1. So residue 101 clears everything in (1) in contact with a helix residue (DSSP H, G or I) (Cβ under 9 Å, 6 or more places away or on another chain); (2) modelled with pLDDT of 95 or more except one condition, right? Which one?
2. I need the full set of residues from the stretch 37-76 which are over 14 Å from residue 27 (Cα atoms), buried (at least 18 other Cβ atoms within 10 Å of the Cβ) and out of contact with any helix residue (DSSP H, G or I) (no Cβ under 7 Å at 6 or more places or on another chain), in order please.
3. For the list (1) more than 19 Å from residue 9 (Cα to Cα); (2) part of a loop (DSSP other than H, G, I, E, B); (3) modelled with pLDDT of 90 or more, I need the number of the one condition that residue 71 fails.
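The values are calculated or read from the model by the stated rules, or taken from the named source; none is laboratory data. This structure is a prediction, so every number in the text was calculated from the model and none was measured. Here the Cβ positions follow ideal geometry from the backbone for every residue, glycine too, while neighbour counts run over all protein chains shown.
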């Protein structure tokens, strides 16, 4: 997972790997709580996510709910078509902005799911 506070009110996080099972559950422990607390917008890049399951979906809902309670927003970018189809099927894409496809110039940090943290 990589992260960058682009401004004091915007945080970009890029996930890298399989977003499922135990790997998805560790996301909450790996997020930068101080930066997350001050962000009005969290941009989550899913461009390097190969697979997602119900645990990964649950973590997205948990992050969305946490941000919404604080008055912040979650946006998903670089969403692979297969992941977007799943988000549409379960209705999550109606809650957040989902940009399908890649937008590499915005990515700065990566959270490698299951392989440690990269800077």
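1. Of the numbered conditions (1) in contact with a helix residue (DSSP H, G or I) (Cβ under 9 Å, 6 or more places away or on another chain); (2) modelled with pLDDT of 95 or more, the odd one out for residue 101 is (2).
2. Selection gives 39, 43, 47, 48, 67, 72, 76.
3. (1)
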